[in-house]
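Worksheet for the structure shown next.
Every number in this text was worked out from the coordinates using simple rules, so none of it is lab data. From a predicted model like this one, the values you see are computed outputs, not experimental measurements. Positions of Cβ are generated from backbone atoms using ideal geometry, with glycine treated the same way; all protein chains shown enter the neighbour counts.
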Amino acid sequence: PVNDASWPHWFRNSTSFDGFSNPLVYIHEGEGSMGIAWNSPDFTWAISPTVQLPETQGDVFLNYWVWFLNDEYEGIMYYSNYHVKLFADNEWHPLKSVIGDDHNTNLYDLPLMINLNSFKGKEVRIAFMYEYNDGWQMALDEISIKETTQNDFAIRNLRVSPRFGLTTESEIEI
């Protein structure tokens, strides 16, 4: 990125700022989020200040929540794209690219995590880049970099088979 984007660009979305028409829809938790309009210029960047990633025993992750839609409007499908990059060692490294399709809508349904272990101990900058393609607006909330210990784990989308009801007394062995 060379120049700051003129409006529309990334902005602070809150009830006290004139951003989205219904700002609460685009806030996962707290008083605000970072948003961008659907008609922002191609590849509009939001770049963090420089941070020092810790040199730790545990894993280091970039965590964030996203409001990201791919959906139909008046009979036409509109898809959105965004990218996450990290600046270290004088170059931008791609971390994640989300190219719109029918399967990757996330309306603050699940938090996203990106492993940053290969950048431990380095000074980095994180960038979220909205790619214009006549898609939908998007918002980001609760962006953080955290360490998890080696024994931490998460289970998502657990399915019980065969289908039967679980009660508070049910035990599941993992």
Extension gain from E55 to I99, taking 0.36 nm per residue of separation minus the Cα-Cα distance: 12.6 nm
Using distinct alpha-carbon pairs, which all enter the 1/r mean, Kirkwood radius of segment 9-138 in Å: 15.8
Simple spin-label estimate for K146 and D134 in nanometres, 7 Å along Cα-Cβ: 4.0
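Provide the FRET efficiency to the nearest 0.05 for the N90-E29 pair, computing r from the beta carbons and using R0 = 30 Å. Please report the intermediate quantities before stating the final value.
Details: r = 35 Å, r/R0 = 1.17.
The value I calculate is 0.30.
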Efficiency of FRET between T15 and K122 - r from beta-carbon atoms, R0 35 angstrom, step 0.05: 0.40
Backbone N within segment 7-51 under 13 Å of label point (7 Å from E74 Cα along the Cβ vector): none
